[in-house]
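Down below is the structure, laid out as structure tokens.
Each value in this text was obtained by applying a stated rule to the coordinates, not by laboratory testing. Because the structure is a prediction, the values reported are computed rather than measured. Positions of Cβ are generated from backbone atoms using ideal geometry, with glycine treated the same way; all protein chains shown enter the neighbour counts.
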Amino acid sequence: EPEVTQTPSHQVTQMGQEVILRCVPISNHLYFYWYRQILGQKVEFLVSFYNNEISEKSEIFDDQFSVERPDGSNFTLKIRSTKLEDSAMYFCASSESAGDYGYTFGSGTRLTVV
Amino acid sequence: KNQVEQSPQSLIILEGKNCTLQCNYTVSPFSNLRWYKQDTGRGPVSLTIMTFSENTKSNGRYTATLDADTKQSSLHITASQLSDSASYICVVSRSRGKLIFGQGTELSVKP
């Protein structure tokens, strides 16, 4: 069964450093998403991406965050200057069309900012 | 405000028993309602998806119901197994694929 692949599974970084979280969506999917889950809290929407541009973003997705699809397979989330409160699980997801049944999540990257 | 509320927050049941989890939502516009299972440290895995016109959807031992008038949904788990221990999350999809997550119900199945 097709999977959304995320790397690394766990990343530890110092406060103020830049991090890039990587995702390989399912190959025929056109819509890409990032979500985060702070420990003990609900999963929160960060951003959706379609046709090489952001289609929607949440209040959390401020200027410190950016997304990119640098080639035909990868979808990345960059945090420019990490803060302690950025520590969370970050989930990538992809779907064939907006809101469709093919919506699939990756296993997540656990980001720890120290 | 777009919100998804779930109850109970946590639940402990004995293996083989049935249980029902509840979800209330205030999300607009509404596209569909999903139930996900999330194991600790893993990504959510879809169990069922229902659109506005669907009242019930089954997936093996999981049966979800949806009342779009009252904006309520339930997930019924039959003949629970130890592997059912996980967080069960009610998720409502707005248009354009943005998902609104509930807090989840932490289910623990004991032998």
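Working from Cα pairs under 8 Å separated by at least six residues, relative contact order for chain A is 38 percent. Scanning chain A for GluC sites (Glu not before Pro) that sit in a DSSP loop and have at most 16 other Cβ atoms within 10 Å, the longest stretch containing none of them is A:19-58. May I ask you to list the residues of the range B:1-40 whose amide nitrogen lies under 14 Å from a point 7 Å from Cα along the Cα→beta-carbon direction of B:His76? Once the point is set 7 Å along Cα→Cβ of B:His76, B:18-22 turn out to lie under 14 Å by backbone N, inside the range B:1-40. When both bridge partners sit in the protein assembly as shown, DSSP labels roughly 90% of those beta bridges antiparallel.
Is the range B:39-107 best put as rounded, prolate or oblate by its Cα gyration tensor, with a ≥ b ≥ c the root eigenvalues, rounded for a/c under 1.5, and otherwise prolate when a/b is larger than b/c, oblate when not? Could the numbers behind the result be given before it?
Numbers: a/c = 2.07, a/b = 1.28, b/c = 1.61.
Oblate, since a/c reaches 1.5 and b/c is not below a/b.
Assuming R0 = 35 Å, what is the FRET efficiency of B:Thr20 and A:Glu68, from their Cβ-Cβ distance, to the nearest 0.05? Result of the calculation: an efficiency of 0.20. The trypsin sites (Lys or Arg not before Pro) of the range B:1-36 that meet both conditions, a loop assignment by DSSP and at most 10 other Cβ atoms within 10 Å of the site Cβ, are B:Lys1. Per residue of peptide B:43-52, the mean number of Cβ atoms on other chains within 10 Å of the residue Cβ is 4.
Of the trypsin sites (Lys or Arg not before Pro) found in the range A:41-110, those that fall in a DSSP loop while having at most 11 other beta-carbon atoms within 10 Å are A:Lys83.
Annotation for the range A:39-110: chymotrypsin sites (Phe, Trp or Tyr not before Pro) lying in DSSP loop with at most 15 further Cβ atoms inside 10 Å of their Cβ are A:Tyr101.
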